[in-house]
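Bear in mind these aren't lab numbers, they're just calculated from the coordinates by the rules spelled out. Remember, predicted model here, so these are calculated numbers, not experimental data. Every residue, glycine as well, gets a Cβ built from its backbone with ideal geometry; the counts of neighbours run over all protein chains shown.
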Amino acid sequence: MIQKFKGTGTAIVTPFHKEGSIDFKSFETLINYQIENGVNYIVFLGTTGEAVTLSADEQNAVINYAIEIVDGRVPVVIGIGGNNTQAIADTMQSISFEGIDAVLSVSPYYNKPQPNGLYYHYREIASACPVPVIIYNVPGRTGSNIDSDTCLRIAHDVNNIIAVKEASKDLEQCARIIKDKPEDFLVISGSDELTLPFMAIGGDGVISVIANAFPYEFSKMVSLCLENRFEDARIWHLRLLEVITAIYEEGSPSGVKAVLSRKGLCKNVVRLPLAKVSKGLNQRISKLVEAFD
């Protein structure tokens, strides 16, 4: 099971038309672009997919469409998370998981739960979920950190939780998890710019934003890391570094949608409260993309 989620997963954007509705035609193009360029799996309805701005009906439509277009070619992961444990568990009991390989569940935001609360939160979610669960630790967005001791406690105690997406940007914390985790538990990077050093200390791959636009290049780098060919991987890392930095400069997924628009893969449209990147950054992104053409 865990082999499915080694390597590169793309945290895919949700394309929109200019008036704000979901652009399913561009969505199909983007999904196929990921698969044809070597990503190992795709994550739908994550932060990058602007899931919090989608209605329940839109979320269901995205899931159904994703399963149809992917058609078993790569594993499908969907985001189901929030700050109300019971509501998440209820959601998991109310949807069909046919065609879904795992759930990515973000750490509760705003509440700032204690370590014990986080432990029982994930234990409750895992018991309600019929497919494996990946923890998503992103303190820069949630306001609280799942520390290494709490993550390891969950990893050792809860069988249905198979991985953590670590976006704390704290390589010492990541190393502690890697050092003491169970053998069948994955530690996955949630920071594109740190993926190479993260994998050098034993990480298992990445759930990536930049892979939306550069799936071949980023997957190649990750594959080289998995083969311990870090000198070769460093070439790709350094080549991609400037565009990775640029897409986060004014927030994600605004930055990566500017890149995707420049590449003709979807429109440069995000939903409020997000806004497009500034004209200056958009021009700089265009020049960076041109360097890859």
**Asked** Does T195 count as in a helix (DSSP H, G or I) and under 15 Å from the mean Cα position of the chain (by Cα)?
**Response** yes
**Lone unmet requirement of (1) buried (at least 20 other Cβ atoms within 10 Å of the Cβ); (2) without any contact (Cβ under 8 Å) to a residue 24 or more places away in the chain; (3) of a type outside the set (F, W, Y); (4) part of a loop (DSSP other than H, G, I, E, B) for V39** = (2)
**Item:** Selected residue (criterion: farthest from Y41 (Cα to Cα)) from residues of segment 107-160 that are acidic (D, E) and outside any loop (DSSP other than H, G, I, E, B)
**Value:** D149
**Message:** I'd like to check something: does segment 198-217 contain any residue that is in contact with a helix residue (DSSP H, G or I) (Cβ under 9 Å, 6 or more places away or on another chain) and at positive phi?
**Reply:** yes
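Residues are listed down the side, and each one gets a yes or a no for (1) within 30 Å of E193 (Cβ to Cβ); (2) more than 20 Å from the chain's Cα centre (by Cα):
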| position | (1), (2) |
| --- | --- |
| M92 | no, no |
| A102 | yes, no |
| S107 | yes, no |
| A128 | no, yes |
| I135 | yes, no |
| G140 | yes, no |
| N145 | yes, no |
| D149 | yes, yes |
**Item:** Members of segment 161-192 found to be of a type in the set (D, E, K, R), surrounded by fewer than 23 Cβ atoms within 10 Å (Cβ to Cβ) and assigned to a helix (DSSP H, G or I), listed by number
**Value:** E172, R176, K179, D180
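Identify the residue in segment 18-34 that is assigned to a loop (DSSP other than H, G, I, E, B) and touching a residue at least 60 places away in the same chain (Cβ under 8 Å) and, among all such residues, is surrounded by the fewest Cβ atoms within 10 Å (Cβ to Cβ).
Restricting to residues being assigned to a loop (DSSP other than H, G, I, E, B) and touching a residue at least 60 places away in the same chain (Cβ under 8 Å), the top hit is K18.
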**Prompt:** Looking at segment 42-71, which of the residues that are more than 19 Å from the chain's Cα centre (by Cα) and not in a helix (DSSP H, G or I) is surrounded by the fewest Cβ atoms within 10 Å (Cβ to Cβ)?
**Reply:** S55
